[in-house]
């Protein structure tokens with residue numbers, strides 16, 4: 001089972017891609033709870049040079065609330081992470097977690113239904129990137 005959806009954004013800079021994916025997430029009801037600049041973190045913490053790579057912690061409050069009511073430990077799987085990374089050839093790729101894959105280990109029918117709904121929204125985010 002694949003655990004993410006990805007798309008390469010042609011002709012977009014890294015910073016443009018972060019802005020575009022944030023806007024697409026907002027259209028689907030998600031906000032960004034946290035943003036981790038992995039390039040800066042690795043440089044600051046262990047003095048390693050790494051490609052441009054950001055982890056965006058996306059959250060749809062309505063779905064998060066329903067998931068927490070169905071399974072109180074589900075916060076371990078939240079928020080839904082989206083990554084933006086710049087490859088050596090300069091291409092920028094955006095990837096989003098497939099919530100069906102991440103929730104597959106939890107045996108809860110309510111969560112399965114919610115994960116399917118969130119999966120549809122994450123697929124739409126990735127498909128609508130341009």
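What follows draws every value from the coordinates through simple rules; no lab data is involved. Predicted model, so just to flag it, every value in this text is computed and none were measured. Positions of Cβ are backbone-derived with ideal geometry, glycine not excepted, and every protein chain shown enters the neighbour counts.
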*How many of the residues making up the range 36-53 are part of a helix (DSSP H, G or I) and in contact with a strand residue (DSSP E or B) (Cβ under 8 Å, 6 or more places away or on another chain)?*
2
_Within the range 90-106, does at least one residue satisfy the condition of being under 23 Å from residue 2 (Cβ atoms), in a helix (DSSP H, G or I), without any contact (Cβ under 8 Å) to a residue 40 or more places away in the chain and in contact with a strand residue (DSSP E or B) (Cβ under 8 Å, 6 or more places away or on another chain)?_
yes
*Go through the range 51-84 and count every residue that is free of Cβ contacts under 8 Å to residues at least 60 places away in the same chain and touching a helix residue (DSSP H, G or I) at 6+ places or on another chain (Cβ under 8 Å).*
19
_Count of the range 1-46 residues which are closer than 16 Å to residue 93 by Cα, under 14 Å from the mean Cα position of the chain (by Cα) and in contact (Cβ under 8 Å) with a residue 40 or more places away in the chain_ = 11
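Out of 69, 56, 33, which single residue is loosely packed, with under 13 Cβ neighbours inside 10 Å and outside any loop (DSSP other than H, G, I, E, B)? Write out each step before concluding.
On the way: 56 fails: loosely packed, with under 13 Cβ neighbours inside 10 Å; 33 fails: loosely packed, with under 13 Cβ neighbours inside 10 Å.
One residue alone meets the criteria, 69.
Out of the residues in the range 93-109 that are surrounded by 14 or more Cβ atoms within 10 Å (Cβ to Cβ) and over 15 Å from the mean Cα position of the chain (by Cα), state the one that is farthest from residue 18 (Cα to Cα). Working first, answer last.
Initial filter on the range 93-109 (surrounded by 14 or more Cβ atoms within 10 Å (Cβ to Cβ)): 93-104, 106, 108.
Now drop any that are not over 15 Å from the mean Cα position of the chain (by Cα), which leaves 104, 106, 108.
Numbers: 104: 28, 106: 31, 108: 33 Å.
Checking each candidate, the answer is 108.
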_Complete set of residues in the range 107-130 that are in a loop (DSSP other than H, G, I, E, B) and in contact with a helix residue (DSSP H, G or I) (Cβ under 7 Å, 6 or more places away or on another chain)_ = 108, 128, 129
